[in-house]
Amino acid sequence: MSEEHCDCLFCKIIAKEIPAEIIFEDEQALAFKDINPQAPTHFLVIPKQHIATINDIEAEDCQTVGYLQLVAARLADQMSFSQSGFRTVMNCNQHGGQTVYHIHLHVLGGKAMGWPPYQETLKTPVSE
Ligand code: AMP
Ligand code: ZN
């Protein structure tokens, strides 16, 4: 891990310095169960490359970022909820609800979900 990313929680999970329930790993990506699940099945797919937010994705990262969706679909299939359906979400910055600044694809399944995710309480402007 480079010094620049030594404080990143997800880089520490990649480096196995912090434990996680890992369900998939290859040279490009890692998937592990979310510690605070918001659906019967909720896991995160992350690139091994540290990218802080969607805003930091460069053109050369497109294969890596798209690959996260492929891993999500393959794992959803293995877990037998690809046909019933699922949701992938990547939050960006404060208004998007991002709390960990290493991009991650949330994969939520096992239950029908509502839309939109917007809630009344969020109508109060969030301070800049
Ligand atoms: P976000 O709010 O979109 O940045 O999502 C961060 C996600 O990371 C949340 O759903 C957290 O529950 C999850 N999370 C935080 N720490 C851990 C951890 N140590 N292991 C697994 N998931 C985590
Ligand atoms: Zn990181």
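Key figures for this structure:
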item	result
Residue that is surrounded by the most Cβ atoms within 10 Å (Cβ to Cβ), among those in the stretch 1-14 that are away from ligand 1 (no atom under 13 Å from the Cβ) and in a loop (DSSP other than H, G, I, E, B)	Met1
Residue match in the stretch 14-23 (condition: under 15 Å from Val71 (Cβ atoms), more than 14 Å from ligand 2 (Cβ to nearest atom) and touching a strand residue (DSSP E or B) at 6+ places or on another chain (Cβ under 9 Å))	yes
Sole residue being within 14 Å of ligand 1 (Cβ to nearest atom) and not polar (S, T, N, Q), chosen from Ile103, Ile57	Ile103
Residues of the stretch 68-89 classified as open to solvent by 50 Å² or more (accessible area, probe 1.4 Å) and at negative phi, total	10
Matching residues, the stretch 3-25, being in contact (Cβ under 8 Å) with a residue 40 or more places away in the chain and farther than 20 Å from Ser80 by Cβ	Glu4, His5, Cys8, Leu9, Phe10, Cys11
Members of the stretch 94-116 that are assigned to a loop (DSSP other than H, G, I, E, B) and either more than 16 Å from ligand 2 (Cβ to nearest atom) or in contact with a strand residue (DSSP E or B) (Cβ under 8 Å, 6 or more places away or on another chain) (or both)	Gly97, His102, Ile103, His104, Gly110, Lys111, Ala112, Met113, Gly114, Trp115, Pro116
Which listed residue, of Gln49, Gln69, Gln78, is of a type outside the set (A, V, I, L, M), under 16 Å from Val107 (Cβ atoms) and free of Cβ contacts under 8 Å to residues at least 24 places away in the same chain	Gln78
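The values are calculated or read from the model by the stated rules, or taken from the named source; none is laboratory data. Keep in mind it's a predicted model, so treat the numbers as computed, not measured. Note that each Cβ is placed from the backbone with ideal geometry, even for glycine, and that neighbours are counted across all protein chains shown. Keep in mind that these areas ignore ligands, DNA and RNA; they rest on the heavy atoms of the full protein, side chains included. Shrake-Rupley method; radii C 1.70, N 1.55, O 1.52, S 1.80 Å.
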